[in-house]
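The values are calculated or read from the model by the stated rules, or taken from the named source; none is laboratory data. Quantities reported herein were computed from a predicted structural model and do not represent experimental measurements. Ideal geometry is used to build each Cβ from the backbone, glycine not excepted, and the neighbour counts take in all protein chains shown.
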Amino acid sequence: MNKLLARIRNKKKFTIFILIFLMFFMVSSIVTYKSFISPFSTNDNVIHSSKPDSEKEKWIRLDGSYVNQTLTYVTPYLTGVGVHLHDVDPGSENTLHFLLKKDNETIYSWDLKEKDLNDGMCILRMDTNPVDMANVDFEFYSDGITNIKFGIVQNDREKFAKINKCTINNVQTNYSIAYDVVSGNCAEIKGLYLLVVLLFVLSIFLFYIFICLETKISTIAFSMIFILGLIYSLVLPQFSVPDEWSHYLTAYSQSSVLLHKKAFDEHGNVILYEDGSIYFVREHSPTRSTYAIEYQELKGQQLVSYKGDTITSGPLKLATFAYVPQTFGMTLARLMHLNSTQVAFMGRVFALFFYAFIISKGIQLAPEFAKRILLVVSLLPMVMQQVCSYNYDSILFGICFFSIGYLLNLIHREEKINKKDFIILALCATVIASIKFIYLPVFGLGLLIPKERFRIKRGKELTVLGILCICAFAFIGVTLFNKRFWDLHPTNPSLPNEYMTYSISYLFTHVKDELVLLSRTVQNYTADYISQMISSPLGWVEISMPATQLMGFGCMLALSCMGTEKDKKYSLIENLWLVVLFAGVALTVLIALQTSYTPTFLDMVYGVQGRYFLPILPLLMIAVRGVFVLKEDSTKIENSLIVGNIFFHITEVCTILFIVIGR
């Protein structure tokens, strides 16, 4: 303690800077809370909307119709219901009647003048205690002649759950009305916001303490990644990350196997038990209601509860080993009998912990110039989004970055390469080969290891050959394991593409056309790939960040590439080799998406996302480092990078909150 106090006194300028930074953040947080968060907290908490975001409702005239809709059970805490109306006459004295019935007995009713309604979703609130939704019907009709229309939807949610259809004048229809289920208000967003603020304060405080104690950058990286990752896990709720539903089902099915529970039904779909999250309730783009629901459920109250038959889908059949952290996290939570949101969050936390741990080890081993690069790349918002979800990127990114750090350590250290080094590299190669072997060229960095580091003649060639053999055996082994696993737990085969894609033979028989197609793709989409790789858009590509965020994190990347006078320089040939590795993997990604996903009627590669280039981004940054040399030492640069990252992550998270809560 005395040592810490003494170092704090020796860092007066730094202490003053942190205090000003912290004070500015707290004042901004208070102003945001009072002017933005608090007003929205009184809005209705919509548990479920029968209309998917992707579908526009159709309209039916209410005049002369008696509408009955059995509400889908999604919560035991019903406090209101919304109905979508159109062409409401603001001057009409006509009366509309709305009733909630349970077991054919009216439990609540509203008699409203048409002039008191409005176009859009009209929320009808109850002034009683919450009602359990079991066997609740919603009925409405008009007393007189009216031009009002009500919305109906014919969606495809029956692939997830049984959807109740409405009746009109006691005649069964094949659609449901567009309605919302309301449970209280969104007051819980206050707690969520305060938790996010506290986590940011914790990150600033820990950074200050670590700097005063002169802690290693790897330890600081672990704490920053883990705390910032928790924040992103809160502001990007479950299933708001691309394809997370499929990854979630895969991890959940493996957890069920570990718990000796039946994992799949007779159709090969994953069985969700009471501790599983129902997709059709949570499938929308996140809103303030999503925040309120998730935060309340994280505290222990199960707000969303579906008692009907659920229909899921088959899990992903690739990368069976890629969900180990998520699976163990879910399994532990299920053994503790936590609710569905807590189970899902625990799986995310385990994935994040693994990523933060493996990255900190890679930064610890890497030379000084690479520590800065790995730190900034591992903290990019797009990376944070992926590693805080059920996507296997938490393992893929972590192992790729660790491998780069470890190989750089072998290049720059004085010790000879031993069996331990070979085993570690072989394990890393095995993991990457079992997930996405397309990124195995990162081990081409090992060709820069001096021959003197090897104990035997031709040691470099034998090491490379050995790793390639292990990768091949690993890929074959994982393929056989997956086949054995899915033979024991069969599922439906995935459906083929509905369109014809480019073939491998096309690449060789139409070389000129292929070069034009690839060059056109790079020319038109490079800016998008860079933006997607760094910070925007997040979620299901619907949370777009302002250009200032891209510029901010871009500056952090540029600063991390700045060299110091002590950094070892690479030769032109070595830098070109790194560029070749990056370009080779990037080209392979484009070709893979062209042959597996791009329809033949398109003249550019379709389906490529910037995050596909993240595992190899450090290679390019290492190649271009040192173009500008700073006179500052590496410690000051690292401290500046961490402060800058905290600041820009605050602005990034605040932007996410403004977008989602404002919906």
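Taken together, the residues in the range 561-579 that are more than 12 Å from R625 (Cβ to Cβ) and in contact (Cβ under 8 Å) with a residue 60 or more places away in the chain amount to 3.
Set side by side, the residues L587, L593 differ, and just one is in a helix (DSSP H, G or I) and in contact (Cβ under 8 Å) with a residue 60 or more places away in the chain, which is L587. Scanning the range 387-400 for residues that are assigned to a helix (DSSP H, G or I) and out of contact with any Ser or Thr (no Cβ under 9 Å at 6 or more places or on another chain) turns up D393, S394, I395, L396, I399, C400. For G563, the conditions (1) touching a strand residue (DSSP E or B) at 6+ places or on another chain (Cβ under 8 Å); (2) over 19 Å from L408 (Cβ atoms); (3) surrounded by 18 or more Cβ atoms within 10 Å (Cβ to Cβ) all hold with the exception of (2).
No other residue among L298, L318 is out of contact with any strand residue (DSSP E or B) (no Cβ under 9 Å at 6 or more places or on another chain) and at pLDDT 90 or above apart from L298. Return yes or no: is Q238 more than 30 Å from V643 (Cβ to Cβ) and either β-branched (V, I, T) or over 26 Å from the mean Cα position of the chain (by Cα) (or both)? It is false that Q238 is more than 30 Å from V643 (Cβ to Cβ) and either β-branched (V, I, T) or over 26 Å from the mean Cα position of the chain (by Cα) (or both). Filtering G276, G229, G191 for residues that are buried (at least 21 other Cβ atoms within 10 Å of the Cβ) and part of a helix (DSSP H, G or I) leaves a single hit, G229.
Somewhere in the range 85-97, is a residue assigned to a strand (DSSP E or B) and surrounded by fewer than 16 Cβ atoms within 10 Å (Cβ to Cβ)? Within the range 85-97, one or more residues are assigned to a strand (DSSP E or B) and surrounded by fewer than 16 Cβ atoms within 10 Å (Cβ to Cβ).
The residue list Y529, Y570, Y525 contains one member that is of a type outside the set (A, V, I, L, M, F, W, C) and assigned to a loop (DSSP other than H, G, I, E, B), which is Y570. Annotation: of all residues in the range 401-457 being among the acidic types (D, E) and assigned to a helix (DSSP H, G or I), the one that is surrounded by the fewest Cβ atoms within 10 Å (Cβ to Cβ) is E452. Just the residues that are within 23 Å of E368 (Cα to Cα) and aromatic (F, W, Y), please, taken from the range 381-419. Once the filter is applied, which keeps residues that are within 23 Å of E368 (Cα to Cα) and aromatic (F, W, Y), the range 381-419 yields F397, F401, F402, Y406. Only one entry in S176, S183, S142 is buried (at least 18 other Cβ atoms within 10 Å of the Cβ) and touching a Lys or Arg at 6+ places or on another chain (Cβ under 6 Å), namely S176.
Taking (1) in a helix (DSSP H, G or I); (2) within 17 Å of N645 (Cα to Cα); (3) in contact (Cβ under 8 Å) with a residue 24 or more places away in the chain in turn, A558 satisfies each apart from (3). With respect to the conditions (1) in a loop (DSSP other than H, G, I, E, B); (2) over 31 Å from the mean Cα position of the chain (by Cα), F14 falls short on a single one, namely (1). Being exposed (fewer than 15 other Cβ atoms within 10 Å of the Cβ) and of a type in the set (K, R) is the filter here, so list the residues in the range 98-124 that pass it. Listed by number, the residues that qualify are K113, K115.
In the range 66-84, how many are at pLDDT below 90 and either polar (S, T, N, Q) or assigned to a strand (DSSP E or B) (or both)? Going through the range 66-84 one residue at a time, the tally reaches 2. Across the range 600-628, the number of residues qualifying as part of a loop (DSSP other than H, G, I, E, B) and either aromatic (F, W, Y) or surrounded by 20 or more Cβ atoms within 10 Å (Cβ to Cβ) (or both) comes to 6. Scanning the range 43-50 turns up at least one residue that is surrounded by 13 or more Cβ atoms within 10 Å (Cβ to Cβ) and either without any contact (Cβ under 8 Å) to a residue 60 or more places away in the chain or hydrophobic (A, V, I, L, M, F, W, C) (or both).
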